[in-house]
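S.K.: Okay, handing you the structure first.
The values are calculated or read from the model by the stated rules, or taken from the named source; none is laboratory data. These numbers were taken from a predicted model, which means no experiment stands behind them. Using ideal geometry, Cβ is built from the backbone for each residue, glycine included, and neighbour counts are taken over all protein chains shown. The area values use the complete protein model at the heavy-atom level, side chains included, leaving out ligands, DNA and RNA. Shrake-Rupley method; radii C 1.70, N 1.55, O 1.52, S 1.80 Å.
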Amino acid sequence: MAFLSLLLFFFFSLLAIVRSQPSPPKGTLIDCGATIPSVIDGQQWLSDNDFVSAGIPKTLHDPNPLPILQTVRSFPLGDGSPKKFCYVVPVIRNSKYLVRTTYFYGGINGRDLPPVFDQIIDGTRWSIVNTTEDFTRGMPSYYEGVFLARVKTMSVCVARNTYTDSDPFISALEFILLGSSVYNSTDFANYGLNLVARNSFGYGGPMIRFPDDPFDRYWEPFGESNTTTRSTENISVSGFWNLPPLKVFETALTTDQSKPMKIELQWPPISLPNSIYYIAMYFADDRNSLLDSSRIFNITMNGVEYFRNLNVTTAGVVVFASRWPLSGLTNITLLPAEGSVVGPLINAGEIFNVLLLGGKTHTRDVISLDRVKSSLRNPPPDWKGDPCLPRQYAWTGVTCSEESEGPRIRVVALNLSSMALSGSISPGIAKLTALTNIWLGNNNLTGSIPDLSSLRMLETLHLENNQLSGVIPPSLGAIESLRELFVQNNNLTGQVPSSLLVKPDLNLKMSPGNNFLPSQPPPTT
């Protein structure tokens, strides 16, 4: 009986421990270059095979002790033309995601220094990836942003820029679902947040992340180590809509408690480009709330008043600006308010660059191009992500409108001539209703010519030198704008539609090749 009681005691103790452990954040974690999934620190990491169609998985020669840094996916530059290589990840539409990319070079290109390249989120250039400084210190580099899922997938791409001298690469990619309250003062329909710095002040320990942070955000130490544990018993993190971890309130940058002195700090510790920033700073007083003296101070940023008479209590408070202009080095001053007998403090802070989002290719065009891609056995390797944006990284062979149709960009031309394509021409091409030119000649395409009558603006259709069969759709003759139709050297049969033969100003090439029947004369009136 005593043994059974002891066993039950251990069972319920274990159950309590399990219940006390926070659940891992929801989302998709991708170990780039890995061939099999894995579980790391209780979190499921997936192989990247299902999310990307280009690039080469590689294993570092000198394995990194962190499992997700042992492999990368590398993207050969090829002919050196601007191309993007994209991961496309299923997401929950209209939900907010923390997106994090991680890079650890490990010498995979055989060069002393890593390449510099662009990273792109959907149709927006997110940032330049320059990992040189971290690599020389043997450290990985990570980039983090907060973005809204506008459709059912999100794409993250790496791309060549003018500084790129070897193959771009990526080590890990994370999409973490955020709570609805987090950073909710931002208009995510038009803007994203690109992380500049996130720090726990007065802290000198290892990076704070999950399980302390429910969304596995990285809070880096800032300032000298402070091993004194501060009281956090009165702080409720749920009172902060950004939900910072409780651990960041255990330390602070502060002054001699007996003297109400000001605090001056340079934060973030880098020079900032001239832009608009989201800034949030977190404060909590660890003193007994029954004390008469209040901790009240003013905050200035580069000499400009940021907040006046901030009253910091044991419950904690956050001060934020959703759109604050900054440039260069940033100097923050916390100055005791007049008559205050207690000095200021600061526990933590976050600063993001407010990123204006680019447009998007018309959803119908994206779906249609995806169907065209699915019908080809060997589509261009960069056909993932947004087809048109950023404009310098449009898909190979895709030309897009200069002006948007409403809030969306349209596809106006396809030029995939002489690309050794095989497969068939998807009927979905007829949904690209803004097309004016289609060049698919000199390939190995089979199957029939789909009905293209919905392409009312089509001027040029080149299908020559393929292996197409069947008949020429009579509906082509109804496209009034059609000026050039080349179908020679295929396996087409039947009669050439009379509506094409009598079409004025049509440059029509049907031979050599093909097996057309003699054409019937047009009906007389």
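S.K.: To the nearest 10 degrees, how steeply does helix 363-375 sit against the main Cα axis of the chain, on a 0 to 90 scale?
M.R.: On a 0 to 90 degree scale, this one is about 60.
S.K.: A further question on this structure: Give me the distance in nm between label points sitting 7 Å out from Cα along the Cα-to-Cβ direction at GLU403 and ILE92, one decimal.
M.R.: 4.0 nm
S.K.: Please get the size of the charge dipole for segment 363-509, origin at its Cα centre, with Cβ charges of +1 on Lys and Arg and -1 on Asp and Glu, quoted in debye to the nearest 20.
M.R.: Numbers: 13 positive and 13 negative charges, 61 e Å.
For segment 363-509, the charge dipole is close to 300 debye.
S.K.: So what does log10 I(q)/I(0) come out to for segment 67-187 at q = 0.11 Å⁻¹, using the Debye formula with one equal point on every Cα and no solvent?
M.R.: Debye intensities relative to I(0), on a log10 scale: -0.39.
S.K.: For the pairs LYS152/LYS247; LYS152/LYS431; LYS83/LYS152; LYS384/LYS509; LYS26/LYS384, note any where the Cα-Cα span goes beyond 32 Å. Kindly include the intermediate steps, with their values, before the conclusion.
M.R.: Details: LYS152/LYS247 35 Å; LYS152/LYS431 20 Å; LYS83/LYS152 24 Å; LYS384/LYS509 34 Å; LYS26/LYS384 24 Å.
Over 32 Å apart, Cα to Cα: LYS152/LYS247; LYS384/LYS509.
S.K.: Another question, if that's okay. For the chain, just the Cα atoms, rotate onto the principal axes and tell me the three extents in Å, largest first.
M.R.: 105, 67, 49
S.K.: Another question about this same structure. Roughly what % antiparallel, to the nearest 5, for the DSSP beta bridges in segment 363-509? Write out the running numbers ahead of the final one.
M.R.: Details: 5 of 22 bridges.
Taking every DSSP beta bridge within segment 363-509, about 25 percent pair in antiparallel fashion.
S.K.: May I ask you to give the percent of accessible area on segment 104-170 that is carbon plus sulfur, with a probe radius of 1.4 Å? Intermediate values should be presented prior to the final figure.
M.R.: Details: 1280 of 2580 Å².
That fraction is 50 percent.
S.K.: If R₀ is 51 angstrom, what is the calculated FRET efficiency for the pair ASP187 and SER475, using the beta carbon separation as r and rounding to 0.05? Let's see the in-between values first.
M.R.: On the way: r = 45 Å, r/R0 = 0.88.
Efficiency at R0 = 51 Å is approximately 0.70.
S.K.: How large a share of the accessible area of segment 195-356, in percent, is made up of carbon and sulfur atoms when the probe is 1.4 Å and the other protein chains stay in place?
M.R.: Numbers: 3780 of 7290 Å².
Its accessible area is 52 percent carbon and sulfur atoms.
S.K.: Shifting gears a bit: What whole number of Å gives the distance from the Cα centroid of segment 234-285 to the Cα centroid of segment 286-353?
M.R.: What the calculation gives is 8 Å, centre to centre.
S.K.: Given a 1.4 Å probe and every protein chain left where it sits, what share in percent of the accessible area of segment 363-509 is carbon and sulfur? Can you show the working numbers first?
M.R.: Details: 2990 of 6060 Å².
Percent of accessible area from carbon and sulfur atoms in segment 363-509: 49.
S.K.: Determine the per residue accessible area of segment 27-178 with all protein chains present and a 1.4 angstrom probe, expressed in square angstrom.
M.R.: Normalised by residue count, the accessible surface of segment 27-178 is 41 Å².
S.K.: Next question, about the same structure. How high is the relative contact order of the chain, in percent, with contacts defined as C-alpha pairs under 8 Å that are six or more residues apart?
M.R.: Once divided by the residue count of the chain, the mean separation gives 11 percent.
S.K.: Right, something else. Along the positive direction of the dipole of the chain (beta-carbon charges: Lys, Arg +1; Asp, Glu -1; about the Cα centre), which of PRO114, GLY441, VAL342 reaches farthest?
M.R.: The one lying farthest along the dipole's positive direction is GLY441.
S.K.: Additional query: Take every DSSP beta bridge whose two residues both sit in the chain, then give the antiparallel share in percent to the nearest 5.
M.R.: Details: 93 of 120 bridges.
For the chain, the DSSP antiparallel bridge percentage is about 80.
S.K.: What is the extension gain from MET139 to LEU113, computed as 0.36 nm multiplied by their sequence separation minus the C-alpha to C-alpha distance, in nm to one decimal?
M.R.: Working: separation 26, 0.36 × 26 = 9.36 nm, distance 1.31 nm.
Taking MET139 through LEU113 to full extension adds about 8.0 nm, to one decimal.
S.K.: Per residue, how much accessible area does segment 195-356 have with a 1.4 Å probe, in Å²?
M.R.: Numbers: 7290 Å² over 162 residues.
So segment 195-356 comes to 45 Å² accessible per residue, rounded to a whole number.
S.K.: Kindly report the accessible area of segment 363-509 per residue (heavy atoms of protein chains, probe 1.4 Å, no ligands, DNA or RNA), in Å². Please list the in-between numbers first.
M.R.: Numbers: 6060 Å² over 147 residues.
Heavy-atom SASA per residue in segment 363-509 reads 41 Å².
S.K.: Then there is this: Starting from 0.36 nm per residue, how many nanometres of slack lie between THR396 and ILE270 once their C-alpha separation is accounted for?
M.R.: Values: separation 126, 0.36 × 126 = 45.36 nm, distance 3.75 nm.
That pair, THR396 and ILE270, stretches by 41.6 nm at full extension.
S.K.: Let me ask another. Along the charge dipole of segment 273-337, which of ASN331, TYR282, ALA315 sits closest to the positive end, that is, farthest toward it, with unit charges on the beta carbon of Lys, Arg, Asp and Glu (+1, +1, -1, -1)?
M.R.: Of the options given, the answer is ASN331.
S.K.: Measure nothing fancy, just the Cα-based angle from helix 2-20's long axis to the longest principal axis of the chain, in degrees from 0 to 90, nearest 10.
M.R.: 70 degrees
S.K.: Hey, in the chain, which Cys have no second cysteine's beta-carbon closer than 4.7 Å?
M.R.: That list is CYS32.
S.K.: At q = 0.12, 0.24, 0.27, 0.29 Å⁻¹, work out log10 I(q)/I(0) for segment 237-288 with the Debye formula, treating every Cα as an identical point scatterer and leaving solvent out; two decimals please.
M.R.: Once normalised to I(0) and log-transformed, intensities are -0.43, -1.15, -1.21, -1.25.
S.K.: Between ILE36 and THR446, what FRET efficiency follows from the Cβ-Cβ distance if R0 is 45 Å, with the result rounded to 0.05? List each step's numbers first, then the result.
M.R.: Numbers: r = 36 Å, r/R0 = 0.80.
Computed FRET efficiency for ILE36 and THR446 comes out at 0.80.
S.K.: While we're here: Among DSSP beta bridges whose residues both lie in segment 27-178, state the antiparallel percentage, nearest 5. Display every interim value, and only then the final one.
M.R.: Numbers: 44 of 46 bridges.
Here the share of antiparallel DSSP bridges comes out near 95 percent.
S.K.: Taking the Cα centre of the chain as origin, sum charge times position over the Cβ atoms of Lys and Arg (+1) and Asp and Glu (-1), and report the length of that vector in debye to the nearest 20. List each step's numbers first, then the result.
M.R.: Values: 40 positive and 44 negative charges, 210 e Å.
The dipole of the chain has a size of about 1000 debye.
S.K.: Sticking with this one: Can you give the extra length, in nm with one decimal, that the chain gains between LEU77 and LEU356 once fully stretched, where that is 0.36 nm per residue apart less the Cα-Cα distance? Could the numbers behind the result be given before it?
M.R.: Values: separation 279, 0.36 × 279 = 100.44 nm, distance 2.82 nm.
Length difference between fully extended and current span is 97.6 nm.
S.K.: If you take the charge dipole of the chain about its Cα centre, with +1 on Lys and Arg Cβ and -1 on Asp and Glu Cβ, which of GLY55, LEU508, ASN298 is farthest toward its positive end?
M.R.: Of the listed residues, the answer is LEU508.
S.K.: I've got another one for you. Would you calculate, for the chain, the mean residue ellipticity at 222 nm contributed by helices, counting each DSSP H stretch of 4 or more residues as -39,500 (n - 2.57) and dividing by all residues, to the nearest 500? Display every interim value, and only then the final one.
M.R.: Numbers: 4 runs with 41 residues, N = 525.
Using -39500 (n - 2.57) per qualifying helix, the result is -2500 deg cm²/dmol.
S.K.: I want to check the label-to-label distance for ASP165 and TYR218. Put each point 7 Å from Cα in the C-beta direction and report it in nm to one decimal.
M.R.: Each label point lies 7 Å from its Cα, and together they span 2.5 nm.
S.K.: Distance from the Cα centre of segment 62-117 to that of segment 485-513, in angstrom?
M.R.: Segment 62-117 and segment 485-513 have Cα centres separated by 48 Å.
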